[in-house]
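Worksheet: one structure, shown below.
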Amino acid sequence: MILTQRPIVAHEAKTYIRECLEEGKTLARVLLEVQDLERGSITTFLPPEITETDAILFTTGGKLSRLAGEIVQLAGEAGLALRMEPKATTESCLARLLSSGLKADCRRICIFENALAKPDDPYLRTSNVRMLVHKQEVYHLVIQRDLSSDQIVKAIRVAMSPTLFIGALTYGSVDRSFPELIENVASDELKGLAKKAISIVVGA
């Protein structure tokens with residue numbers, strides 16, 4: 001399926017981004033506080049046949065078509081039937097965009113909030129994705145030297161949740177090299193990352 005990057009100029013887009021940031025964790029809330037959402041441009045990835053009217057229905061799904069593949073029917077609880085089918089995603093488009101941003105400057109990093117994870121969740125230790133921990137909040141990190149291993153797609157998939165996806169392309173501290181896979185991050189550092197953000201990523 002072909003996805004194109006297209007601008008969104010409707011005021012509904014800024015309203016949606018603001019609402020998502022309000023629901024986020026520390027990084028998201030600071031982004032909302034320090035970044036002027038009235039400035040800059042907003043783009044999305046959609047099939048070319050999606051109309052402008054449908055494009056701004058951010059809480060409505062069905063814009064990406066089903067991929068060829070097996071449809072699985074499962075029996076759920078209380079007699080409910082569950083249907084699983086492969087759907088297209090914007091992961092690769094977003095990864096390419098962020099990869100280009102990272103390559104432009106070695107000081108840049110990508111950081112994603114994990115809306116659902118807790119620091120002691122076992123699956124995080126086997127994800128092989130950089131993790132920053134702030135109290136009970138989990139963030140996933142990609143730095144320039146990770147690009148060869150396709151870490152952006154991995155980080156997006158680990159951080160993605162059905163309800164909320166928030167990230168930023170920003171500048172890291174000059175004295176922070178992130179040598180370990182799992183590290184702690186303080187409130188002041190998150191605030192610094194939010195202040196230096198050059199792009200904000202919000203799922204829809």
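The values are calculated or read from the model by the stated rules, or taken from the named source; none is laboratory data. Computed from a predicted structure; not experimentally measured. Cβ: placed from backbone, ideal geometry, glycine included. Neighbour counts: every protein chain shown.
Condition check ((1) hydroxyl-bearing (Ser, Thr, Tyr); (2) closer than 19 Å to residue 104 by Cα; (3) under 19 Å from the mean Cα position of the chain (by Cα)) across all residues:
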{"residue": "146", "(1), (2), (3)": "no, yes, yes"}
{"residue": "159", "(1), (2), (3)": "no, no, yes"}
{"residue": "164", "(1), (2), (3)": "no, no, yes"}
{"residue": "169", "(1), (2), (3)": "no, yes, yes"}
{"residue": "172", "(1), (2), (3)": "no, yes, yes"}
{"residue": "179", "(1), (2), (3)": "no, no, no"}
{"residue": "183", "(1), (2), (3)": "no, no, no"}
query = Restricting the search to segment 64-107, which residues are under 22 Å from residue 164 (Cβ atoms) and either at pLDDT below 75 or polar (S, T, N, Q) (or both)?
reply = 64, 84, 87, 88, 89, 90, 92
ask   = of a type outside the set (Phe, Trp, Tyr) and under 17 Å from residue 163 (Cβ atoms) - does that describe any residue in segment 4-17?
value = yes
inquiry  = For segment 155-204, which positions are touching a residue at least 60 places away in the same chain (Cβ under 8 Å) and assigned to a helix (DSSP H, G or I)?
reply    = 156, 157, 187, 190, 191, 193, 194, 195
message = Against the condition farther than 30 Å from residue 178 by Cβ, modelled with pLDDT of 85 or more and crowded, with 17+ Cβ neighbours inside 10 Å, how does residue 115 come out, does it pass?
response = no
query = Going through segment 16-45 one residue at a time, which ones are outside any loop (DSSP other than H, G, I, E, B), hydrophobic (A, V, I, L, M, F, W, C) and more than 22 Å from residue 3 (Cβ to Cβ)?
reply = 21, 27, 28, 30, 31, 32, 34
ask   = Among the candidates 102, 190, which residue alone is closer than 25 Å to residue 32 by Cβ, hydrophobic (A, V, I, L, M, F, W, C) and touching a Lys or Arg at 6+ places or on another chain (Cβ under 6 Å)?
value = 102
message = When you check residue 135 against the structure, is it among the charged types (D, E, K, R), modelled with pLDDT of 90 or more and more than 25 Å from residue 18 (Cα to Cα), yes or no?
response = no
task = Count, please, the residues in segment 157-204 that happen to be farther than 24 Å from residue 127 by Cα, in contact with a helix residue (DSSP H, G or I) (Cβ under 9 Å, 6 or more places away or on another chain) and loosely packed, with under 15 Cβ neighbours inside 10 Å.
result = 4
ask   = Give me the pairs: first residue in segment 18-45 and in contact (Cβ under 8 Å) with a residue 40 or more places away in the chain and more than 17 Å from residue 114 (Cβ to Cβ), second residue buried (at least 18 other Cβ atoms within 10 Å of the Cβ) and of a type in the set (S, T, N, Q), beta-carbon distance under 7 Å, and six or more apart or on different chains, which are they?
value = 45/90
key: Residues that are in a helix (DSSP H, G or I) and either over 18 Å from the mean Cα position of the chain (by Cα) or in contact (Cβ under 8 Å) with a residue 40 or more places away in the chain (or both), drawn from segment 2-14   = 11, 12, 13
